[in-house]
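Novice: Pasting a structure below so you can have a look.
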Amino acid sequence: MTAISGVGPAREAQLERLGLFTIRDLLWWFPRHYIDCRHPVYVAQAALDELVVVKGRISDVTTTRSRRGQAVVRATITDTSGELPAIWFGQPFMADSLQRPGERLLVGKIRIDRATRQPTLMSATLLTTTGIIPIYSVTKGLTSAAIAKMIATAWYELKKGELVEPWPKEALKAADLPERKKALRWIHNPTNPEQIKAARRRFAFDKLVDLQRGLWAERRSAEGFSGPEIPADVALLKAYRQALPFSLTDGQAAAIWALAQDLATGQASRRLLNGDVGSGKTAVAAAGLLLAAKAGWQSVLLAPTDLLVQQHVATLQKLLGSFDVTVGAVTARQKEWGADILVGTHALWSDGAQYKEVGLIVIDEQHRFGVEQRDKLWNLTGAGQRRPHLLSLSATPIPRSLALTLYGGLDVTRLREKPAGRQPIKTEVVKEGAVWPLLRETIARGEQAYVVCPLIEELELNGLLLDERRTVTAVAEEITGQLPLVRIGVLHGKLAASDKDEVIGQFAAGKLDVLVATTVVEVGVDVPNATLMVIENAERFGIAQLHQLRGRVGRGSQASTCALVVRGGGRAAQQRCQHVASTDDGFLLAEYDLKERGPGELVGLSQSGYQLGFIDELDVELIEAANELAKQLTA
Ligand code: ADP
Ligand code: MG
């Protein structure tokens, strides 16, 4: 990085904190927001509490001191629509900057001034450009402008090869995409929102091609392999069904049958089981594991965390208790290689793995594992030309129209219905204040609650904070302030894995009342006594994520509630949250999502929380084009 002029060791350390190690990393660090300065709003029409760009003459500049001795600069901005007061605290130099004659461009938030009770532009920043300003996510000591400057110089240091277009011209043309170099220019220095949109589509396409290329490669690599012949033992399946503490849904029964037929073919099979959270995928997988075990094969269930491993071991022991099969854990700490069914984490492909002949691999929460990891396990457990069967479980509801394209060549089974007798989760869109009674009542009943906060990114412009969300720590403190006796645990991405497990473990054991967390809690944690899910800044989450998070409650026999706290984001965000509140069906929501957002999203000032990834995965044409190219590339 120090190859870039102006970047010394200190800067380099800051960049590394953002995970940027190479010049390529830096150029692929895309803006999270843009501020569009081309069309300032009239001061008379500027909205409260949102970031606005205004343009006008400055007058009445005064500087006073607050009681604490802080400089307070006041001024008036006038345009053809009217006047707007503005105020700055602790920025005495603003007085001078404002004095210059002519019209000035400012960006800031309008709040009600406590002293005058008037809508007032607070701590705005003066703009010198009239174009679109990219806003980068930053870290301490680094500003968005500094990143923009480094990127501008980094271009010249980037190796030629990095800018070479990797895909054939025809493929880009067919999907109406700019080539790489152009897209890179547009994403960092757009002159209009269409360029931003086109560039984002282009990079989403790259991601999709990579993803689908992996899937096609996987499919193709499976083609030449034979698979263990595991007979579809009808009597055994019947006994399994009878031994279950519940009766299978039709969907589960059909999925088990499809799996049993895969296992019997003698060809290494690959199937994706796509069912909403709580749809009972484990019971389907368990039937396959049982068939394999009884036919004399070892089988493997891969899960992303130690905690999930422990949960699955307990579940399988319960479901298969009467069949005389052994279930063992394989984690960093435990190595029970001798069992018929191995349930483990990535420790499953550690050195010293001791497999017998493996007939079936089940991958829970498949999106948490990379293609290479799956392949590693798959090859490790194979022998000669034989490979185990593979069943991947996914809780991300995918509309039917997308399942085929998104999953390339895999066979997909969907579990549509939920088991009967499930307590519905009541979802409400609430105001901030409504959270306290909910929390209080839940805890008074001896039940537990999750409070989820969005990930925080630092976004600033000339020192003006653009994004005021509260951190998990701040939220936890607030809860302690309101409910002092409540036992609170805090969970976020920066904690070490062992600390995370510890906190989740305590929550699962009922030693904590409230778990305040970022979205790390999304993955398969099962605490039946947790009956309240509060989602802070719900407007920051996409539909799929809200639905996924909500699935953490409603797992026990008590009624559960999900409270979506919306703090902005405009009408669209409100509607999105209302829609999540209106139905509990993940597939319906996914289809709604696809229809509503369609390809791409409007890019503008108020645009928030854009994640390259999910939104663009819903762009059907883009997915199809990427799939087509991926297929060609792996042919
Ligand atoms: P997921 O699909 O999210 O992995 P699980 O397999 O963990 O869901 O199942 C969720 C819960 O539903 C478990 O407690 C399980 O015992 C229960 N369950 C599964 N199938 C049925 C069914 N057919 N009837 C009633 N309860 C079921
Ligand atoms: Mg599960």
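Novice: Taking the Cβ-Cβ separation of Thr191 and Ala217 as r and a Förster radius of 56 Å, what is the calculated FRET efficiency to the nearest 0.05?
Specialist: Approximately 0.90, to the nearest 0.05.
Novice: Still on this structure: Using label points projected 7 Å from each Cα along Cα→Cβ, tell me how many nm separate Ala635 and Thr473, to one decimal.
Specialist: Going from the Ala635 label point to the Thr473 one covers 5.5 nm.
Novice: For the stretch 122-256, what D do you get in µm² per second when you plug the Kirkwood radius from alpha-carbon pairs into Stokes-Einstein at 4 °C and 1.567 mPa s?
Specialist: Approximately 63 µm²/s, per Stokes-Einstein.
Novice: In percent, what relative contact order does the stretch 12-105 have, based on Cα pairs under 8 Å that are 6 or more apart in sequence?
Specialist: 24
Novice: Would you please put 376-388, 427-439 in order of how densely packed they are, using the mean number of other Cβ atoms within 10 angstrom per residue and starting with the highest?
Specialist: My ranking of the peptides, most packed first, is 376-388, 427-439.
Novice: For the stretch 17-166, what is the charge dipole size about the Cα centre, in debye to the nearest 20, if Lys and Arg each add +1 at the Cβ and Asp and Glu each add -1 at the Cβ?
Specialist: Using Cβ point charges on Lys, Arg, Asp and Glu, the stretch 17-166 gives about 540 debye.
Novice: Let me ask you something else. Across 5 Å bins from the origin, how do the percents of Cα pairs in the stretch 36-90 run, short distances first?
Specialist: Result, from short to long distances: 4, 19, 23, 20, 16, 11, 5, 1 percent.
Novice: Want the number for Arg571 to Thr326: 0.36 nm per residue separation, take away the alpha-carbon distance, what's left?
Specialist: Gain in length upon complete extension: 82.8 nm.
Novice: Another one. Give, in nm to one decimal, the length gained when the segment between Glu372 and Ser582 is fully stretched (0.36 nm per residue of separation minus the Cα-Cα distance).
Specialist: That pair, Glu372 and Ser582, stretches by 71.7 nm at full extension.
Novice: So which of Lys238/Lys418; Lys140/Lys207; Lys140/Lys494 end up more than 24 Å apart by C-alpha?
Specialist: As for pairs spanning more than 24 Å Cα to Cα, those are Lys140/Lys207.
Novice: At 7 Å along Cα-to-Cβ for each site, give me the label-to-label distance between Thr480 and Leu465 in nm.
Specialist: With each label point 7 Å from Cα toward Cβ, the separation is 1.9 nm.
Novice: Moving to a separate point now. What spacing in nm lies between the two simple spin-label points modelled at Ser557 and Lys160, each 7 Å away from Cα in the Cβ direction?
Specialist: 7.3
Novice: A further question follows. Set Lys and Arg Cβ to +1 and Asp and Glu Cβ to -1, take the dipole of the chain about its Cα centre, and tell me which of Gln99, Gln267, Ile623 lies farthest positive.
Specialist: Most positive-ward Cα: Gln99.
Novice: Still on this structure, please answer the following. Evaluate the relative contact order of the chain (contact order divided by residue number), counting alpha-carbon pairs under 8 angstrom at least 6 apart; express in whole percent.
Specialist: Relative contact order here is 14 percent.
Novice: Right, here's the next one. Got a sec? Which residues in the stretch 40-67 would a label at Ala95 touch, if it sits 7 Å along Cα→Cβ and we count backbone N under 16 Å?
Specialist: Residues 59-67 fall inside that zone.
Novice: Ranked from highest to lowest mean number of other Cβ atoms within 10 Å per residue, what is the order of the peptides 196-206, 236-246, 527-537, 501-511?
Specialist: 527-537, 196-206, 501-511, 236-246
Novice: Here is a follow-up. What order, most packed first, do the peptides 89-97, 63-71 have when packing is the mean number of other Cβ atoms within 10 Å of each residue?
Specialist: Ranking, from highest mean packing down: 89-97, 63-71.
Novice: How big is the Rg/Rh ratio for the chain, C-alpha atoms only, Rh by Kirkwood, two decimals?
Specialist: Here the Rg-to-Rh quotient is 1.01.
Novice: Let me have the relative contact order for the stretch 42-165, percent, based on Cα pairs under 8 Å that are six or more residues apart.
Specialist: Taking the mean separation of contacting Cα pairs over the length of the stretch 42-165, I get 22 percent.
Novice: Can you tell me the length gained on complete extension of the stretch Tyr42 to Val61, counting 0.36 nm per residue apart and subtracting the Cα distance?
Specialist: 4.8 nm
We did not get these values from a lab; they are worked out from the coordinates using the rules stated. Model, not experiment: these values are computed from the prediction. A quick note on method: Cβ atoms are made from the backbone with ideal geometry, for glycine too, and the neighbour counts reach across all protein chains shown.
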